[in-house]
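Visitor: Pasting a structure here, questions to come.
Each reported figure results from applying straightforward, stated rules to the coordinates on display, with no laboratory input. All values reported here derive from a predicted model rather than from experimental measurement. We place every Cβ from the backbone using ideal geometry, glycine too, and count neighbours over all the protein chains shown.
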Amino acid sequence: MAERLDKLHLDGYSIFQDKKKFCYGIDAVLLADFALKNTKNRIKSFGADKNFLFIDLGTGNGIIPILLAAKTGPHVKIQGIEIQAEIAEMARRSVKINSLEERIEISEDDIKKIPQNLKGGFAQAVVSNPPYMVVSQGRQSGNFAKMAARQEILCCLEDVVRAAEFLLEGGGSFFMIHRAKRLKDVFFALEKFGFKNIFWQNVKSFKEKDAAMVLVMAKKSLAKKNKTEISDDDEKVQLEDLIIYDEDGNYTQKILEIYGRKP
């Protein structure tokens, strides 16, 4: 039995993981933090009488919904979408063991078929930690669950961006983490589906190293009104690099803050 129950870095929270199927990494933690930091003002503007909805595309074992729920109030709801039934079931058990059933819903769906299966334009924010590698770049193995999490077998980058654009309301925000070397592909997909105001942050293991990952935020264009497009600012902004380790190989102050640890 490869499944285990692990404690999270947040007091009182745990998650089921299976090393033969899916275990979360620092990329999920960074993405959840990035999304929360860039939605906190919008969430506050909703007040307690209206729900703010996150959707997590390719939720895996539910780590991102749990992190989002743990750091927000009861009027923030999260829907995690996962295509693999066994992993979705594991995510539901993680939601239950953390008593988050009223705030997190885990559903089984195919990202490619979301426009046919769900209504659109209802989410305030969409997040995704998608497969990073095209199939030709990834090592092939007999472990389908791991391959699907890492390689674009069940969905590709454009499928994820298309689904995010469909689900978001006008002006809603899309957050994603991806490999830095695929940033041009990310820009292309975002622009193809009409996203505006693209911000990105390189994530480096060490300050002097090249970026390994990149955090990206983009805004869905506002809806048309009287057949005239409401004006959107359209810019690309690079944010300050996020460094994971200092010169001694320890977490930097910013990473410790994200994990809620003292230096």
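Visitor: Hey, which of these cross-link pairs are over 26 Å Cα-Cα: Lys37/Lys184; Lys44/Lys220; Lys7/Lys112; Lys37/Lys112; Lys77/Lys181?
Guide: Lys7/Lys112; Lys37/Lys112; Lys77/Lys181
Visitor: Now, a different point. Just to be sure I understand the model, the point goes 7 Å from the Cα along the line to the Cβ. What's the resulting Glu101 to Lys50 distance in nm?
Guide: 3.0
Visitor: Can you tell me the relative contact order of the chain? Whole percent, Cα pairs under 8 Å, sequence separation 6 or more.
Guide: Reported as a whole number, the value is 15 percent.
Visitor: Could you put Leu67, Leu183, Leu157 in order, starting from the residue whose Cβ has the fewest other Cβ atoms within 10 Å?
Guide: Ascending Cβ contact count within 10 Å gives the list Leu183, Leu157, Leu67.
Visitor: A further question follows. What whole-number distance in Å separates the alpha-carbon centres of the range 106-127 and the range 168-187?
Guide: First find each Cα centre; the distance between them is then 16 Å.
Visitor: Provide, for q = 0.11 Å⁻¹, the log10 of I(q)/I(0) from a solvent-free Debye sum over equal Cα point scatterers in the chain.
Guide: With no solvent term, the Cα-only Debye profile gives -0.59.
Visitor: Same structure again: Based on DSSP, what percent of beta bridges with both residues in the range 3-259 are antiparallel, to the nearest 5?
Guide: 45
Visitor: Of the peptides 198-205, 243-250, 52-59, how do they stack up when ordered by the mean number of other Cβ atoms within 10 Å, highest first?
Guide: Averaged packing, sorted descending, gives the order 52-59, 198-205, 243-250.
Visitor: Given Val214, Leu68, Asn202, which one lies farthest toward the positive end of the charge dipole of the chain, if we put +1 on the Cβ of every Lys and Arg and -1 on the Cβ of every Asp and Glu?
Guide: Looking along the dipole axis, the top candidate is Leu68.
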